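S.K.: Let me begin by handing over the structure; questions about it come next.
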Amino acid sequence: MREIYPVTWQNNAVVLIDQTRLPETYTTVNITTSEQMAVAIKTMIVRGAPAIGVAAAYGMYLGAREITERDRTPFLAALEDVAIRLRQTRPTAVNLFWAIERQLQAANQTEGDVTAIPARLLETAQAIQADDLRTCQAIGDHGVSILPSEPQAVTLLTHCNAGGLATAGYGTAVGVIRSAWREGRLKQVFADETRPRCQGSKLTAWECVQAGIPVTVITDNMAAHCMQRGLVDLVVVGADRITANGDAANKIGTYGLAVIAQAHNVPFYVAAPVSTIDFKLATGAEIPIEERDPQEIYQVGETRICAEGVNFYNPAFDVTPAALIKGIITEHGVFAPDQLAQVKP
């Protein structure tokens, strides 16, 4: 079984698994500047809300070590410029902003000469990474509690990729899958293809194969049929941002999947760390939705699959209303959407 750590610190550089090359090629990219990190996040070499947060934390460190100012005020101003560049990469995932703010706070709290700040930011980035790994393992273990009583082994459907590749190495939704498989409570996984970038078929399926977990890939428009035939026991997905009322933004297609699940009485769960909950936003209507290059829709590989002159709309995320979510699986346990105030920091 291949251990999956999408972001690592090695030999004075950040090493990223290049997720744009999977599953055909497993390769890594060395990141040594904050600008390289911003490009890697923007182009989805690294992706998934928690993994983006970890990567951004390291990006802040890389930016800090590039700053030549030695007076405190201009140094911190230059660091804020690094933060602005990183914030602009992916607007929907709240973990990105959370990690950047934690690094800015660490920089401001570092006393003495500013030359001590980069080391503090590296230490903080490594702590964020280690915390996320522990958090995801806890999410996975809490997720086992949502499964039907033994000895029934369930078939679970998931959308996009909320696995080791999207986190520090274990996964949120896929963390639940891993823990359920370890406990003998999982029969198999259905992985939605997840158009247009196909993170389900390319990444989630690849992770399941690496872990020896039986996985069946279906196209997004097959989910309703599978539920109608009784092939799916429950749905577990990740999230890029959850608002105070329990609305959850996740990869485009998640909302439709939740509607289908409700129509077929299939429980629908979201798995995410508390850092993904944005208590500053009251409802999902306030979540900014990233729109991406239409080429993701009209081109597969080097082949154009749509006629010239066609218009395109390519939102990367949608918002699932809290009313469609049975529970949110966090590192502190499973909560109904209207109970999230219990985990507010």
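Read-outs: derived from the displayed coordinates by stated rules, not from any lab. Please read these numbers as outputs of a predicted model, since none were measured by experiment. Every residue, glycine among them, receives a Cβ derived from its backbone with ideal geometry; neighbour counts consider all protein chains shown.
S.K.: Can you pull the percent of Cα pairs in the chain with separation above 31 Å?
M.R.: Every Cα pair in the chain considered, those over 31 Å come to 31 percent.
S.K.: While we're on this one: If each of GLN295 and VAL209 carries a label point 7 Å out from its Cα toward its Cβ, how far apart are those two points in nm?
M.R.: Inter-label distance under the simple model: 2.6 nm.
S.K.: Right, another one. Can you give me the distance in nm between label points at ARG134 and ALA341, each placed 7 Å from the Cα along the Cα-to-Cβ direction?
M.R.: 2.9
S.K.: For the pairs LYS202/LYS280; LYS251/LYS344; LYS187/LYS326; LYS280/LYS326, note any where the Cα-Cα span goes beyond 26 Å.
M.R.: Listed pairs above 26 Å: LYS202/LYS280.
S.K.: Against the 2.2 N^0.38 Å scaling, with N counting residues, where does region 148-256 land? I'd like the Cα-based Rg ratio to two decimal places.
M.R.: 1.01
S.K.: Counting only Cα atoms, I'd like the Rg/Rh figure for region 61-166, Kirkwood definition for Rh.
M.R.: Rg divided by Rh gives 1.16.
S.K.: Further question: Calculate, in nm to one decimal, what TYR313 and SER149 gain on full extension: separation in residues at 0.36 nm each, minus their alpha carbon distance.
M.R.: Roughly 54.7 nm would be gained on extension.
S.K.: Further question: Taking the Cα centre as origin and putting +1 on Lys and Arg beta-carbons and -1 on Asp and Glu beta-carbons, what dipole magnitude results for region 7-136, to the nearest 20 debye?
M.R.: Dipole about the Cα centre, nearest 20: 300 debye.
S.K.: Kindly point out which whole DSSP H helices in the chain project their C-alpha atoms 24 angstrom or further along the helix axis while averaging a Kyte-Doolittle hydropathy of -0.5 or above.
M.R.: Sorted by number, the helices that extend far enough and score high enough are 49-66, 117-143.
S.K.: In region 63-211, if the dipole is taken from +1 on Lys/Arg beta carbons and -1 on Asp/Glu beta carbons about the Cα centre, which of ALA127, THR115, GLY184 is farthest to the positive end?
M.R.: Checked the options; the winner is GLY184.
S.K.: Rounded to the nearest 500, what is the 222 nm mean residue ellipticity of the chain from helices alone, with -39500 (n - 2.57) per DSSP H run of 4+ residues and division by all residues?
M.R.: Counting only the DSSP helices, I get -11000 deg cm²/dmol.
S.K.: So if we plug the beta-carbon distance of THR27 and ASN245 into 1/(1 + (r/R0)^6) with R0 = 45 Å, what FRET efficiency do we get, rounded to 0.05?
M.R.: Given R0 = 45 Å and the Cβ-Cβ separation, E is 0.65.
S.K.: When only Cα pairs under 8 Å and 6 or more residues apart are kept, what is the percent relative contact order across region 7-136?
M.R.: Relative contact order for region 7-136 comes out at 24 percent.
S.K.: If the chain between ASP81 and HIS225 were fully stretched, how many nm would it gain, using 0.36 nm times the residue separation less the Cα-Cα distance?
M.R.: 46.9 nm
S.K.: Please give the charge dipole size of region 139-343, origin at the Cα centre, charges +1 on K and R Cβ atoms and -1 on D and E Cβ atoms. Round to the nearest 20 debye.
M.R.: Magnitude of the dipole: close to 440 debye.
S.K.: Another question about this same structure. At q = 0.17, 0.22 Å⁻¹, what is the log10 ratio I(q)/I(0) for region 214-345, with the Debye formula run over Cα points and no solvent?
M.R.: The computed values of log10 I(q)/I(0) come out as -0.94, -1.23.
S.K.: Moving to a separate point now. Tell me, Kirkwood radius of region 7-136 from alpha-carbon pair distances, in Å?
M.R.: 14.6
S.K.: Another question, then. Rg to Rh for region 5-66: what is it, with Cα atoms only and Rh by Kirkwood?
M.R.: Across region 5-66, the Cα-based Rg/Rh ratio is 0.94.
S.K.: Taking neighbour counts of Cβ atoms within 10 Å as a proxy for exposure, in what order, fewest first, do MET222, MET227 appear?
M.R.: Going from sparsest to densest Cβ surroundings: MET222, MET227.
S.K.: Quick one: grab Rg to one decimal and Dmax as a whole number for region 269-310, Cα atoms only, in Å.
M.R.: For region 269-310, the Cα radius of gyration and maximum Cα-Cα distance read 17.2, 44 Å.
S.K.: Counting Lys and Arg as +1 and Asp and Glu as -1, each charge on the Cβ, what is the dipole of the chain about the Cα centre in debye, to the nearest 20?
M.R.: Magnitude of the dipole: close to 480 debye.
S.K.: Between ALA285 and THR303, what is the label-point separation in nm under the 7 Å Cα-to-beta-carbon projection?
M.R.: Each label point is offset 7 Å from its Cα along the Cβ direction, giving 4.4 nm.
S.K.: Can I ask one more? Compute the relative contact order of the chain as a whole-number percentage, counting only Cα pairs closer than 8 Å that sit 6 or more residues apart in sequence.
M.R.: This gives 16 percent for the chain.
S.K.: Starting with the fewest neighbours, write out ASP141, ASP338 ranked by other beta-carbon atoms found within 10 Å of each beta-carbon.
M.R.: Ascending number of Cβ neighbours within 10 Å: ASP338, ASP141.
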